[in-house]
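Engineer: Pasting in a structure now, in structure tokens, and then I'll have a few things to ask.
The values are calculated or read from the model by the stated rules, or taken from the named source; none is laboratory data. Treat the numbers as computed from the prediction; the structure is a model and nothing was measured. We place every Cβ from the backbone using ideal geometry, glycine too, and count neighbours over all the protein chains shown. Remember, those area values only see protein heavy atoms, side chains included, never the ligands or the DNA or RNA. Shrake-Rupley method; radii C 1.70, N 1.55, O 1.52, S 1.80 Å.
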Amino acid sequence: MFIPARLLPLLFLLWIAPAAFADIVKPALVEISVYTEGRYRIEIRASVEALLTGINGQYKDTRQAPTAQEYDRLRELEAPMLAEAFEPFQERMLDLIELRLDGEINRPRVAKVDIPVPGYTKVPRISVITLEGDIPTATRSLTWYYPTAFGDNAVRVRQVDEDNEQWHWSAWQWIRDDRTSDPFSLTEVFRTPGFLDVVTEYTAAGFDHIIPLGMDHILFVLGLFLFSTRMRPLLWQITMFTVAHSITLALAMTGVIELPARVVEPLIALSIAYVGVENIWHRRLHKSRLVLVFVFGLLHGLGFASMLAEFGMPDNAFFTALVSFNVGVEIGQLTVVAVAFLTVGLWFGNKPYYRNLILIPGSLMITLVGLYWTWQRLSLQ
């Protein structure tokens, strides 16, 4: 089907807008703690509303699911009412998940379900489902299965010796298909992942933090792209942004600097809005713009660090994981730029109407989304 050239900018804006107001479907985070006295505890951080309505990883956001209205209804329930609605589902959950100890199935029991207050209903409510059980002290390995019917999941295992105050974390396993995890070693020290394992895992995690999970970072990079589709100004801006966020990512992950998310996240949103305003206000790349992009890159690096800290870092391959994550982030950013160039810059970058029909409307949309996110993140504090 032929689409008139002048309608493509409108389609570009429509692509940007929906994600700002979408309830993103997030993977479950699963932490399995194994204690030397012969017990284990599994903490599953997931959306109870998504579990009850069958909204899983096949949907980018909850609005795409046929059960979206039921999800919204559950999202507004107070915690006790949602806990009551979840109780009949618990047996089904225990039937479908699978924990194997040295190859033998071990059925856990539900110890408790912690559901937060509804809060702001336009963002996901992450509950903590705690399972417990007994484990033979001679067990050498375990595997974990979380069905795709419940969504994607990332799982890691911790071995705990409380008497001697010792513990060991495994690396995360990010499971996107319907399969059982690779075996987790439960011997004296968890199996150390190889160099290529760390590079692959953390490069993928960095890429995922941009595409599809990093809409705020995507909009910031698009704001840089829209200002000029010519490579030289774009590369100057991307370089400044990359150098800056690499610095703060490294400093934050090594504990040199630390800022709370309640400060960093609104400032990141505000930086997105400001880039949009700059695009409209200025016609040429000035040195002051590069300085601002560098400063904003420092903020975004702190945002990357918060995600990476949640994902976890291997003690014996810290530097490799840090560099690999940063490489994944850069690949994600370059992918965004490449897609924007192939769909917009290549066809319209040199057109006389580019500024009026693409740059200004696109930057205005980015500004409005950034301001909305700023207000949203401040209102949640």
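Engineer: Regarding segment 344-357, can at least one residue be identified that is open to solvent by 20 Å² or more (accessible area, probe 1.4 Å), modelled with pLDDT of 90 or more and aliphatic (A, V, I, L, M)?
Structural biologist: Scanning segment 344-357, I find at least one residue that is open to solvent by 20 Å² or more (accessible area, probe 1.4 Å), modelled with pLDDT of 90 or more and aliphatic (A, V, I, L, M), so the answer is yes.
Engineer: Answer with yes or no whether residue 25 is on the phi < 0 side of the Ramachandran plot, at pLDDT 90 or above, surrounded by 16 or more Cβ atoms within 10 Å (Cβ to Cβ) and among the hydrophobic types (A, V, I, L, M, F, W, C).
Structural biologist: no
Engineer: Counting only residues that are more than 26 Å from the chain's Cα centre (by Cα), give me the helices (runs of 4 or more DSSP H) lying completely in segment 59-105 with at least 3 of them.
Structural biologist: 79-86, 89-96
Engineer: Here are 306, 288: which of them is hydroxyl-bearing (Ser, Thr, Tyr), open to solvent by 20 Å² or more (accessible area, probe 1.4 Å), without any contact (Cβ under 8 Å) to a residue 24 or more places away in the chain and out of contact with any Cys (no Cβ under 6 Å at 6 or more places or on another chain)?
Structural biologist: 288
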